Amino acid sequence: MNRKKIYPWYYAAGAAILFFLLCFLPGVLGIAYSFTDWNNFSDEIHFVGLANYKTVFHGNSEYMKYIVNTLWFTVATTVLKTVVGLALGLLLTQTFIKGKNLHRMIIFSPQVMSYLVVGLVFRSMLHPTTGFFK
């Protein structure tokens, strides 16, 4: 096998380390802490097993109400955003709508605005004659 075609592991090492430190490790620690009674106000940690989960998933607990409300909110907003977006998209493809391009611009401008601002900031940092940073 040609040595040049092998993707060197060290190219991906930086991203893998960041993923491990910022995503994987906090997730594993969160799961581990869920089996303890640790809180921010004390240094003591005691293993309590599944007692925390029993408290959360008990039929009449407040936590279950929070979970159900979060699920309802998630489903409702996802469906609403999809339906409204699809309806606007279909509406703007119809031939009887006047000024379609203006409406498309109004709907799409928030998406473009962040890139425009970043471009203007970097343009303002460039030196006017050399084109390099000051």
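The values are calculated or read from the model by the stated rules, or taken from the named source; none is laboratory data. Just so you know, these numbers come straight off a predicted model, no measurement behind them. Reconstructed Cβ throughout: ideal geometry from the backbone, glycine too, with neighbour counts over all protein chains shown.
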### Message
Among (1) more than 28 Å from ILE67 (Cβ to Cβ); (2) among the hydroxyl-bearing types (Ser, Thr, Tyr); (3) at pLDDT 90 or above, there is one condition TYR33 misses while meeting the rest; what is its number?
### Response
(1)
### Query
Do we have any residue at all in the range 82-91 that's loosely packed, with under 10 Cβ neighbours inside 10 Å and under 30 Å from GLN111 (Cα atoms)?
yes
### Task
Among the numbered conditions (1) touching a residue at least 12 places away in the same chain (Cβ under 8 Å); (2) loosely packed, with under 10 Cβ neighbours inside 10 Å; (3) not aliphatic (A, V, I, L, M), tell me where ARG104 comes up short.
(2)
### Query
Quick one: would you say LEU22 is modelled with pLDDT of 95 or more, closer than 30 Å to ARG104 by Cβ and not assigned by TED's automatic domain parsing to the domain that holds ASN101?
no
### Query
Scanning for something outside any helix (DSSP H, G or I), modelled with pLDDT under 85 and exposed (fewer than 10 other Cβ atoms within 10 Å of the Cβ), does the range 115-127 turn up at least one residue?
yes
### Query
Could you give every pair whose Cβ atoms fall below 9 Å, whose first residue belongs to the range 62-74 and is within 18 Å of ASN52 (Cβ to Cβ), and whose second residue is assigned to a helix (DSSP H, G or I), counting only separations of at least 6 or pairs across chains?
TYR63/THR55; TYR63/VAL56; MET64/VAL56; ILE67/VAL56
### Task
Identify the single condition in (1) surrounded by fewer than 10 Cβ atoms within 10 Å (Cβ to Cβ); (2) assigned to a helix (DSSP H, G or I); (3) more than 18 Å from the chain's Cα centre (by Cα) that THR95 does not satisfy, given that it satisfies every other one.
(2)
